[in-house]
Each structure stands twice: as C-alpha cells, then as structure tokens.
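Data block below; observations after.
The values are calculated or read from the model by the stated rules, or taken from the named source; none is laboratory data. All values derive from a computational prediction rather than experimental measurement. We place every Cβ from the backbone using ideal geometry, glycine too, and count neighbours over all the protein chains shown. Remember, those area values only see protein heavy atoms, side chains included, never the ligands or the DNA or RNA. Shrake-Rupley method; radii C 1.70, N 1.55, O 1.52, S 1.80 Å.
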Amino acid sequence: MGETAELRIGNETYTLPVIEGSEGERAIDIENLRSQSGLITLDPGYGNTGSCQSAVTFIDGEKGILRYRGYPIEDLAEKSSFVEVAYLLIYGDLPNKEQLDNFRESLRYHTMLHEDFKSFFSAMPKDAHPMAACSAAVAALATFYPDSLEPRDPHQVEVSIHRLIAKLPTIASYAYKHSIGQPFMYPDNRLKYVGNFLHLMFATPCEDFTVDPVVEKAIDLLLILHADHEQNCSTSSVRLIGSSMVNLFAAISGGINALWGPRHGGANQDVIEMLLAIAEEGLTAREFVERAKSRDDTSRLMGFGHRVYKNFDPRATIIKKACYDVLNRLGVHSKLLEIAVELEELALKDEYFVERKLYPNVDFYSGVIYNAIGTPVNMFTAMFAIGRLPGWIAQWHELHHDKQKIGRPRQVYVGPNQRPYTLIEQR
Ligand code: ACO
C-alpha cells in the first residue's frame, strides 16, 4: 500500500490513501470518506479540492509554470499555431504534418453556419452582449445537428468537435456584425483560422479585405495563451454540465456563460473599461490603486490576482512583451498601455498587493492588444471563448473517456429545522 493519511474523529481513525500526480502533486483521496465515516468535507470555492485527475494541463502557481500536455507555454507561444495547439490539447500529442493538414481541412469544411442562423441573430436586440449571443447560438447548434449529440459515440463526438471549433468564430462574428448593422460575411476558406476570423469580423461585401499578418499573428498568440487552464470556473462548469451526459454543445454553451463573469474571462473587458475610465476621468494611477484597495469601494484592480498563480502568471509575461511588439509594429501609440504599465508598477510595489500575492493575470494586457487592433470592447471575452474552446473540449473529452460519474457536490445544511406549516391567514 502506498502512502496514507490518517484522520481522527472522536475515537475513530480513518486511513485515507494519498495519491501522487506525475509532477509530484499529492492529494488525499476522500472518495470513500462519507461511506466510512458519515462525514463530508467542506471547501467553499474548492481552493483545496481536486475534482478529477487530468492529463491535459499542468500549472504550478508558485513557480509560474503552465504546460499543455507537457509542453511549456513559452515554447508553444513561440513555435506553434493555435490550430496545432487545439489538436495537441484535444488529441494529446502534437500533430504531424498530415494530421495537421487533415485537421485544418476539416475545420475549413465546417466554417459555415446554417443559413437560418441569420434570422436567429437578427431576432436579437442590437445591443445584445456577444457572450449571450454566442452561448445561445452554441446551444442552438444542438437543434441543427441532432445527428451528433451522443457524448459516448466517438464518431458523433469527433464531428461535433470539428463543427464547434470551425463555427465559433463565425458565430462570434455574426453577433458583432448584427450589433453594428453590417451584413454577415461568409467564411473565406482560403484563409487560415485566425485570418478567416478577422475577415468575418472586419470585411464587408463592398470592399476588398486584406488580413494584416501582424494582427493575425497577435490574435493567434492570444488564442494559444488562452487555450486551456485546467480546472478553472468555466472548465469545471463544462465538466459538471457534461457529467449529466448532455451533448457537447450544451456543455460548451454553459462554459461560455461561466467565462462571461467579471471575475473570470469577463475581466478582459473590465480591464479596458477600467483603463478608459482612468483616462477619461483624469485619475492618476495612484488614485485608482488606492481606490482598488479601499474596503468602501467595490472596484478591484481588474486583471490583477489569480486563484492559482501566486508569483506571476506566465501568460501575462508573454502578453506584455507581445503588446509592445504589436503596438510597435503597427506604429500605434497607446495611452492605455502607458496607464496599464504605471498601474502594474505601482501595484507590484504596494504592500496591499504584495501581501496578497496579487500579480497581473492573462487579462491585464490582452485588452490593450485587442483595443489597438480595433476590436470592439464587448467582443474581448468572446475572443477569449474562441481561445478556450479546445481546452473545454479536451477536458469534456477526458471526463467521458474516464467515465466519470455525474458531478454532484454535497452541502452542510444550515437552514431552519423542521417546523409546522402556518396557514396564510395566520402569518
Ligand atoms: N484588486 C484588489 N484587491 C484584490 C484583487 C484585485 N484585483 N484580487 C483580490 N483582491 C483581494 C481581495 O479583496 C481579498 O482581500 P482580503 O483578503 O483583504 O479580503 C484578497 O485579495 C483575496 O481575494 P479573493 O477574491 O479571495 O481571491 P480569489 O483567489 O478568490 O480570487 C480572483 C481570484 C477572482 C481572480 C481575484 O483576484 C479578482 O477578482 N481579480 C480581479 C478580476 C480578474 O482579473 N479576473 C481574471 C482572473 S484570470 C481568468 O479568469 C482568466
């Protein structure tokens, strides 16, 4: 028998197995705790709870390490493309040339949406948030493809995966085009994945559109950096929803909604709104940092802090460098970047942030890049969703491969004890 942990409750001692992951992470396995002892564990926010064993992504928050399937994020960011990384996450290994060509070809084949989707988008108010539109549209894919909804049929799953990755950029761009009253563009399958997305977003039927390679590369990089992050809020949501055996589209639609929140992916929109507000209100960076620290003020320094990274977020380091590169190459001077750098410098020296180990996260600089290349602010989180999609899919796939049971946490009930019902006349 391997290492064990002992738990003493009253006079009883329970022996619990300790399991170790491939990077030496140890965990007490409490799978049989309740059946043995009648007790459960309580961990609101799950800061100490592993929900699964996973071979997709490794993070060491103390050392600032992030690896997809064993490959350091720095190497993937420098050498890979987003489509290649998507393949890696979903299928477990980097593709050879033929595998990559076939994958790209299949994604190209599936980029179009059913023509009736146009009326689906047109029925939404113009100011609908793209995340609401994307989540609804992804859920609606299940209505168009009832032939591929079975989560344990490998062929149906494969088709759904390719459809989703191919169509999400088209969906996101339709949400945007509808909001500005421009015609929906058809995908241009001669272009690469990101080039096609830029075409869908920024082309119009009346003029030629050329993809700027600097912008294409920058977006590709951002998508790679967002592609997976183990058991974060949206991924855990996808897994939990998926564990009910619902179809992939429904699970991913739930993930998109979870990502939308300002404590999660929605922070990238909030960061840029924060920077714009600082610029418009003429606040100094110091005034804003003081505001973010104040207990009386609800504003946090958006793009700062992370549940897992307590030293630095390696994605933020790469994005900050890319931010300077892209802005230089585009010849853009960004006041927002200046404010962001000043905020970061102040916060990193401030006792409040140092004590709480709060560092810039992936969202702090990504918005500055999106902003510089003309992406509308409310599309930022939708771009994050396109990036995170392969990670959600890989984790969903793993859940089914491992035949994990339905996710069903317990609770400690603290409400009223049984009481007699009072008729309405007597209340
Ligand atoms: N600005 C000011 N104070 C902060 C910030 C911040 N950005 N983040 C955390 N704190 C403070 C909290 O007020 C709390 O202080 P206290 O101990 O005095 O009460 C302490 O730091 C711990 O914060 P928690 O919210 O308990 O930490 P948790 O690990 O639960 O939250 C989170 C992490 C949600 C990311 C948080 O840091 C935050 O809200 N950041 C801003 C939003 C953001 O950037 N989200 C994107 C995260 S990355 C991603 O999801 C893609």
Can you pull a Stokes-Einstein diffusion coefficient for region 27-67 at 20 °C (1.002 mPa s), Rh from Kirkwood over Cα pairs, as a whole number of µm²/s?
170 µm²/s
Tell me, what are the semi-axes, in whole angstrom and largest first, of the equivalent ellipsoid of region 271-417 as set by the roots of 5 times the Cα gyration tensor eigenvalues?
32, 24, 15
Rh by Kirkwood over Cα pairs, then Stokes-Einstein D for region 332-427 at 0.890 mPa s and 25 °C, µm²/s
128 µm²/s
What number results when the radius of gyration of region 271-350, computed over Cα atoms, is divided by 2.2 N^0.38 Å?
1.15
Determine, at each q value in 0.16, 0.21, 0.26 (inverse angstroms), the log₁₀ of I(q)/I(0) that the Debye formula gives when each Cα of region 86-147 is one equal point scatterer.
-0.73, -0.92, -1.06
Return the tail of the calculated pair distribution for region 172-240, meaning the percent of Cα-Cα pairs more than 18 Å apart.
51 percent
Given 10 Å bins starting at zero, what is the percent of C-alpha pairs of region 201-242 in each, up to the one with the largest pair distance?
23, 28, 25, 21, 4
At 30 Å minimum axial length over the Cα atoms and a Kyte-Doolittle cut of -0.5, report the qualifying DSSP H helices in the chain, or say none.
154-180, 380-401
What part of the accessible area of region 41-129, given as a whole %, is carbon or sulfur when the probe is 1.4 angstrom?
51 percent
How long is the gain from residue 7 to residue 349 if the chain were fully straight, where each residue apart is worth 0.36 nm and the alpha carbon distance is subtracted?
119.0 nm
Obtain the radius of gyration and the Kirkwood radius of region 29-153 from its C-alpha atoms and give Rg over Rh.
1.08
Round to the nearest 10 and report in Å² the accessible area of residue 337, as given by a 1.4 Å probe over the protein chains' heavy atoms.
20 Å²
Taking every pair of distinct Cα atoms and averaging 1/r, then inverting, what Kirkwood hydrodynamic radius in Å comes out for the chain?
23.4 Å
In nm², what is the average projected area of the convex hull enclosing the Cα atoms of region 1-89?
8.2 nm²
Can you give the convex hull volume of the alpha carbon atoms of region 94-238 per residue, in Å³?
141 Å³
Can you tally the net charge around residue 34? Count Lys and Arg as +1, Asp and Glu as -1, for every other residue whose Cβ sits under 15 Å from the Cβ of residue 34.
-1
Please list, short to long, the whole-number percent of alpha-carbon pairs of region 166-298 in consecutive 10 angstrom bins beginning at zero.
10, 27, 31, 24, 8, 0
Cα-only Debye scattering, region 144-203: base-10 log of I(q)/I(0) at q = 0.20, 0.22 Å⁻¹
-0.76, -0.83
Per residue, accessible area of the chain with a 1.4 Å probe, heavy atoms of protein chains only, in Å², comes to 52 Å²
